[in-house]
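Reading through the structure tokens given below for one structure.
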4 protein chains.
Amino acid sequence: MSTLTNVVDDLVAANRILAGLDVLDGFGHVSVRHPERAGCYLLSRSLAPELVSRDDIITFDLESNAQDGDTRTPYLERFIHGEIYAQRPDVQSIVHSHAATVVPFAASSVRLRPIYHMSGFLRTGAPVFEIREKSGMTDMLIRNKAQGAALAETLGDKSAVLMRGHGYCTVGGSIPESVFRAYYAQVNAELQHRAITLGGEVTYLEDEEARLYDETNRSVIGRPWGLWKTKFAPKD
Amino acid sequence: MSTLTNVVDDLVAANRILAGLDVLDGFGHVSVRHPERAGCYLLSRSLAPELVSRDDIITFDLESNAQDGDTRTPYLERFIHGEIYAQRPDVQSIVHSHAATVVPFAASSVRLRPIYHMSGFLRTGAPVFEIREKSGMTDMLIRNKAQGAALAETLGDKSAVLMRGHGYCTVGGSIPESVFRAYYAQVNAELQHRAITLGGEVTYLEDEEARLYDETNRSVIGRPWGLWKTKFAPKD
Amino acid sequence: MSTLTNVVDDLVAANRILAGLDVLDGFGHVSVRHPERAGCYLLSRSLAPELVSRDDIITFDLESNAQDGDTRTPYLERFIHGEIYAQRPDVQSIVHSHAATVVPFAASSVRLRPIYHMSGFLRTGAPVFEIREKSGMTDMLIRNKAQGAALAETLGDKSAVLMRGHGYCTVGGSIPESVFRAYYAQVNAELQHRAITLGGEVTYLEDEEARLYDETNRSVIGRPWGLWKTKFAPKD
Amino acid sequence: MSTLTNVVDDLVAANRILAGLDVLDGFGHVSVRHPERAGCYLLSRSLAPELVSRDDIITFDLESNAQDGDTRTPYLERFIHGEIYAQRPDVQSIVHSHAATVVPFAASSVRLRPIYHMSGFLRTGAPVFEIREKSGMTDMLIRNKAQGAALAETLGDKSAVLMRGHGYCTVGGSIPESVFRAYYAQVNAELQHRAITLGGEVTYLEDEEARLYDETNRSVIGRPWGLWKTKFAPKD
């Protein structure tokens with residue numbers, strides 16, 4: 001199989017996995033940088049992730065214009081992807097989610113912090129994007145390049161960015177990594193919520209502990225990814 | 001297919017979807033205005049939503065009397081539907097639910113407020129109906145026209161009304177919209193509960209943000225609705 | 001079919017339903033008064049409820065001795081059932097559960113109270129049984145007639161009794177009623193926990209509201225029971 | 001069947017059960033002492049527990065070296081198992097998990113304590129292992145004999161040890177017992193969290209109550225184990 005075919009298969013798997021793990025419901029999306037066309041990325045047409053198949057994948061340039069005359073309805077928020085890829089050459093894949101445990105941290109003055117090794121990728125902190133700052137009153141969506149660029153600036157060199165009143169994004173050096181981070185960001189939010197509400201003193205990971213595990217994770221990430229593909233990827 | 005057939009199919013789908021999404025259990029119901037008979041609405045006979053099929057649908061007038069001599073047992077609380085349709089010409093569909101995350105807000109002095117865009121329909125607030133005010137001690141059910149009318153008055157021009165010690169209703173301009181609102185009202189309740197218990201300061205949607213997304217939602221609501229029909233509607 | 005056959009079928013269904021609804025896991029049990037033999041009740045042999053079939057049902061007298069020379073291993077805690085049937089002639093069926101939302105109320109000074117109509121049966125309060133009072137240090141189980149009798153005394157004329165450090169029991173005038181109460185006791189515990197942790201003022205059902213709904217419930221309980229049998233009872 | 005075959009079958013079942021009960025996800029592992037080779041234990045190769053089959057089981061000595069020239073990738077953290085078996089001759093089986101309800105207690109100054117009989121095995125307390133004490137900044141994993149030995153020392157003669165910023169381990173005199181403890185440790189964490197957040201006074205099990213039930217449990221543990229095998233073990 002060509003590299004492109006493999007990458008598209010993994011992107012379809014990522015859509016199904018994120019739906020299967022309840023990280024995405026009818027909304028949210030996952031993209032990957034095009035493996036063969038510089039300055040392009042791959043993203044489904046506007047469709048619930050659980051229903052995405054190979055034929056639904058569209059190629060966009062970094063202006064988030066569909067290529068090859070594709071006129072199918074795209075996600076309104078594809079600019080999230082285009083602008084992050086433009087500002088972060090190291091990023092190969094991006095997930096945007098409304099997962100239930102994370103949105104409360106995006107609305108709260110309490111910061112999301114890594115409470116165990118699996119979420120070491122949060123070590124540099126998960127900044128919160130406030131769309132009101134530059135855009136004032138909106139429908140909360142990232143609808144154009146300017147809003148996407150502002151979001152990408154808030155993300156900076158981090159692995160995750162929360163969006164007030166909306167959701168969050170995770171980025172990674174591969175599809176498994178962005179998916180892993182989207183999943184464990186919401187697990188961490190659940191764990192941190194529980195720890196805080198217990199009422200005692202909470203010990204978070206030191207930055208160095210978080211960094212060391214995030215590095216280790218690259219050697220073991222194939223284990224959950226293999227499980228998730230087995231459980232959720234299309235069988236054909 | 002006739003309009004009526006399509007509407008009945010969507011109403012059956014709505015019953016199965018709301019059960020599949022755990023918005024309804026053995027109790028609760030969903031109705032739609034009759035597409036061809038002015039002053040009538042469609043609602044299942046007294047049956048758990050998960051078991052509802054086409055043949056279970058009954059036509060009621062706005063007095064909530066079954067039409068065409070249908071003598072099957074109706075829901076005791078059909079007056080919720082008749083009275084809201086009578087007072088709200090813009091409403092095409094109504095859901096009544098006891099979903100677990102919303103009932104606590106109906107019993108609490110803390111108000112349900114939109115914490116993210118998906119629940120922008122809560123922007124005008126979700127008033128709480130206190131049945132004691134007009135009816136004193138009751139079994140909490142909406143058992144007659146007077147109680148239904150009082151509930152509809154509390155709803156006013158809003159999209160959702162909570163019922164103290166009981167549950168809530170959402171209304172919409174279509175079946176997908178009332179179902180969407182029933183589902184995301186309970187997601188919002190979960191998110192808001194988490195945000196409040198985190199203990200920090202919580203930022204809710206401004207009224208204008210909520211209004212703008214609620215408008216946007218009309219163009220994207222087909223996405224979750226398509227997913228939900230695929231997953232939960234009867235296959236025949 | 002004979003009455004006995006019907007009752008045994010409903011008892012098997014109740015076992016499967018309570019497992020399917022996560023009210024029981026590998027532990028807990030449900031019994032019914034024998035429909036034909038005065039002073040006897042029916043209860044499975046020691047087995048996880050999800051695995052119970054007709055052949056597993058044993059007849060016990062109110063001393064909780066197996067009848068007809070049945071020597072299969074009984075539940076250690078069958079005395080819960082025998083003693084409640086002895087003290088409460090109105091009770092026809094009993095459920096004993098460790099459901100996760102209720103146990104915290106059994107360990108807390110905060111009382112379980114009805115927060116919505118479905119749990120109106122809690123209206124007279126759910127007293128907490130403290131086994132230490134009469135038995136001192138134990139393994140927490142109801143292992144003999146004296147402990148069962150003490151539990152039945154704490155239950156009194158109520159519909160539910162919590163057991164500190166252990167679980168709870170619900171009783172009813174029929175199998176569907178005891179099952180309904182076991183299920184909605186744990187839903188109510190979840191709702192009440194959410195309402196309390198929201199931090200506002202909580203309005204509970206007045207005793208009269210609770211009593212009125214509990215009466216109404218007898219006319220609508222067939223609806224969830226029908227659903228639950230369809231979903232969880234053995235198909236043969 | 002030989003003893004070894006039976007033990008391997010139970011170990012495979014334990015992997016599937018712990019995944020089925022959501023005690024393990026893509027990570028975590030369960031081991032058993034080798035029934036025929038002194039100073040050896042059995043553990044899967046590096047694989048998600050839900051995917052483990054007989055052929056994946058590797059024999060390790062107590063130095064955690066694979067035997068018989070097996071060169072397949074082992075779990076990085078196999079030293080947890082080797083060192084606990086070395087220090088605790090009574091232990092026959094060990095589970096290591098990141099279950100979501102327990103990790104918050106591992107990060108909090110609030111101690112995990114038995115709130116009902118099922119978690120009587122926590123009676124002697126669940127000490128918290130702080131890897132920083134001896135190892136300073138790490139990736140949080142137990143990567144060598146020294147770290148495993150330090151963890152085993154913190155465990156001491158207890159049945160469970162929490163690992164700050166990481167997870168926990170349970171040990172038992174048999175596979176069913178270590179699995180039972182891994183499952184009910186996370187149930188207890190959920191119950192205790194609920195009880196604490198209710199805000200009232202919480203009564204925990206007295207040490208003697210906990211000890212008495214933990215003893216009783218040996219005679220009834222076959223009930224959940226039988227259920228779990230029926231539901232989750234491979235059918236072949």
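The values are calculated or read from the model by the stated rules, or taken from the named source; none is laboratory data. Computed from a predicted structure; not experimentally measured. We place every Cβ from the backbone using ideal geometry, glycine too, and count neighbours over all the protein chains shown. Calculation scope for accessible area: heavy atoms of the full protein, side chains included, ligands and nucleic acids excluded. Shrake-Rupley method; radii C 1.70, N 1.55, O 1.52, S 1.80 Å.
Please name which of D:TYR168, D:THR138, D:PHE180 has its Cα lying farthest along the dipole of the stretch D:137-220 towards the positive end, using unit charges on Cβ (Lys, Arg +1; Asp, Glu -1) and the Cα centre as origin.
Farthest along the dipole direction, towards plus: D:THR138.
Which net charge results for the neighbourhood of B:LEU21, defined as the other residues with beta-carbon distances under 14 angstrom from its beta-carbon, given Lys and Arg at +1 and Asp and Glu at -1? It would help to have the intermediate numbers written out before the result.
On the way: positive: B:ARG16, B:ARG181, B:LYS229, B:LYS231; negative: A:ASP22, A:ASP25, A:GLU50, B:ASP22, B:ASP25, B:GLU50, B:GLU190.
Within the 14 Å Cβ shell, the charges total -3.
With solvent modelled as a 1.4 Å probe, how much accessible area in total do chains B and A shield from it at their shared surface, in Å² to the nearest 100? The partial results should precede the final answer.
Numbers: alone 10910 and 10940 Å², together 18930 Å².
Using a 1.4 Å probe, the pair buries roughly 2900 Å².
About the Cα centre of the protein assembly as shown, how large is the charge dipole given +1 on each Lys and Arg Cβ and -1 on each Asp and Glu Cβ? Please answer in debye to the nearest 20. Working shown, then result.
Numbers: 100 positive and 120 negative charges, 21 e Å.
Once rounded to the nearest 20, the dipole reads 100 debye.
Work out the length of the dipole vector of chain A about its Cα centre, built from +1 on the beta-carbon of each Lys and Arg and -1 on the beta-carbon of each Asp and Glu, and round it to the nearest 20 debye.
Details: 25 positive and 30 negative charges, 48 e Å.
The calculation lands at about 220 debye.
Which log10 I(q)/I(0) values does the protein assembly as shown give at q = 0.10 Å⁻¹ under the Debye formula, counting every alpha carbon as one identical point scatterer?
-1.28
Going 7 Å from Cα along the Cα-Cβ axis for the label, what nanometre distances separate A:SER2 from the same residue across the other copies?
Reported distances to equivalent positions: 5.2, 5.2, 7.4 nm.
With the radius of gyration and the Kirkwood radius both derived from the Cα set of the stretch B:12-137, what is their ratio Rg to Rh? Can you show the working numbers first?
Values: Rg = 15.6 Å, Rh = 16.0 Å.
Taking Rh as the inverse mean 1/r over Cα pairs, Rg/Rh reads 0.98.
Within a Cβ distance under 10 Å of B:LEU155, other residues only, what is the Lys/Arg minus Asp/Glu net charge? Kindly include the intermediate steps, with their values, before the conclusion.
On the way: positive: B:ARG88, B:LYS158; negative: B:GLU83, B:GLU153, B:ASP157.
Taking every other residue near B:LEU155 into account, the sum is -1.
Identify which of A:SER174, A:SER135, A:SER159 has the largest mean-square fluctuation in a Gaussian network model of chain A, with springs joining Cα atoms closer than 10 Å.
Per the Cα network of chain A with a 10 Å cutoff, A:SER135 tops the list.
Carbon and sulfur: what percent of the stretch D:52-143's accessible surface (1.4 Å probe)? Spell out each step's value before the answer.
Numbers: 1500 of 3280 Å².
Carbon and sulfur atoms account for 46 percent of the accessible area of the stretch D:52-143.
Provide an ascending nm list, one decimal, of label-point separations from A:ASP22 to the equivalent residue in each further copy; define each label point as 7 Å from Cα along Cα→Cβ.
In nanometres, ordered from closest: 0.5, 0.5, 0.7.
How about D:LYS235: which aspartates and glutamates have a C-alpha closer than 13 Å to its C-alpha, ignoring those fewer than 8 places off in the same chain?
D:ASP9, D:ASP10
Looking only at D:LYS145, D:LYS134, D:LYS158, which one moves most when chain D is put into a Gaussian network model with springs between Cα atoms under 10 Å?
Highest fluctuation among the options: D:LYS134.
What list of ³J(HN,Hα) values in whole Hz, one per residue of the stretch A:121-126 in order, does the Karplus curve 6.51 cos²θ - 1.76 cosθ + 1.60 (θ = phi - 60°) give from phi, with Gly and Pro shown as x?
Each residue's phi maps through the Karplus curve to give 4, 7, 4, 7, x, 10 Hz.
Taking the Cα atoms only, what angle lies between the long axis of helix D:222-232 and the longest principal axis of chain D, rounded to 10 degrees?
60 degrees
With everything on Cα atoms, drop me the angle between helix A:175-198 and the longest principal axis of chain A, reported from 0 to 90° to the nearest 10.
Orientation of helix A:175-198: about 30 degrees from the principal axis.
In degrees, nearest 10, range 0 to 90: what is the angle between the Cα axis of helix A:145-155 and the longest Cα principal axis of chain A?
So the helix axis and the longest Cα principal axis differ by about 40 degrees.
Cut-off under 16 Å on the C-alpha distance; same-chain residues fewer than 8 positions from D:LYS229 excluded. Which lysines are left, in chain and number order?
none
Checking buried surface per residue: for the stretch C:109-140, which residues lose a minimum of 20 Å² accessible area in the protein assembly relative to the chain alone (1.4 Å probe)?
C:SER109, C:VAL110, C:ILE115, C:TYR116, C:HIS117, C:MET118, C:ARG132, C:MET137, C:THR138, C:ASP139, C:MET140
Please give the charge dipole size of the stretch B:1-96, origin at the Cα centre, charges +1 on K and R Cβ atoms and -1 on D and E Cβ atoms. Round to the nearest 20 debye.
Values: 8 positive and 15 negative charges, 13 e Å.
That gives the stretch B:1-96 a dipole magnitude of about 60 debye.
How much area per residue is accessible in the protein assembly as shown when the probe is 1.4 Å and only protein heavy atoms are counted (Å²)?
Per residue, the protein assembly as shown has 34 Å² of solvent-accessible surface.
As an exercise, identify the GluC sites (Glu not before Pro) in the stretch A:98-161 lying in DSSP coil whose Cβ has no more than 16 other Cβ atoms within 10 Å.
On the way: sites: A:GLU130, A:GLU133, A:GLU153; in loops: A:GLU130.
Taking the stretch A:98-161 and a limit of 16 other Cβ atoms within 10 Å, the loop GluC sites (Glu not before Pro) found are A:GLU130.
At B:ARG88, label 7 Å along Cα→Cβ: distances to the other copies, nm, ascending?
4.1, 4.1, 5.8
Gaussian network model of chain C, Cα springs within a sub-10 Å range: biggest mean-square fluctuation belongs to which of C:GLU177, C:GLU83, C:GLU206?
Result for chain C, Cα springs under 10 Å: C:GLU206 fluctuates most.
Report, to two decimal places, the Cα Rg of chain C normalised by 2.2 N^0.38 Å (N = number of residues). If you can, show how the numbers build up before the last one.
Numbers: Rg = 17.0 Å, N = 236, 2.2 N^0.38 = 17.5 Å.
Ratio of Cα Rg to 2.2 N^0.38 Å: 0.97.
Just want the answer: with Cβ charges of +1 for Lys and Arg and -1 for Asp and Glu, which residue in B:GLY148, B:TYR75, B:ALA19 is farthest toward the dipole's positive end in the stretch B:1-149?
The Cα lying farthest towards the positive end belongs to B:GLY148.
Trypsin sites (Lys or Arg not before Pro), restricted to the stretch A:1-74: which are DSSP loop and have at most 13 other Cβ atoms within 10 Å? Walk me through the intermediate numbers first.
Values: sites: A:ARG16, A:ARG33, A:ARG37, A:ARG45, A:ARG54, A:ARG72; in loops: A:ARG37, A:ARG45, A:ARG72.
Filter output for the stretch A:1-74: A:ARG37, A:ARG72.
How far, in whole Å, is the closest Cβ of chain D from the axis that maps D onto C, and which residue does it belong to?
D:THR197, 4
Stick to the Cα atoms of the stretch B:12-52, pair each with every other, and give me the Kirkwood hydrodynamic radius in Å at one decimal.
Numbers: mean 1/r = 0.0940 Å⁻¹.
That comes to 10.6 Å for the stretch B:12-52.
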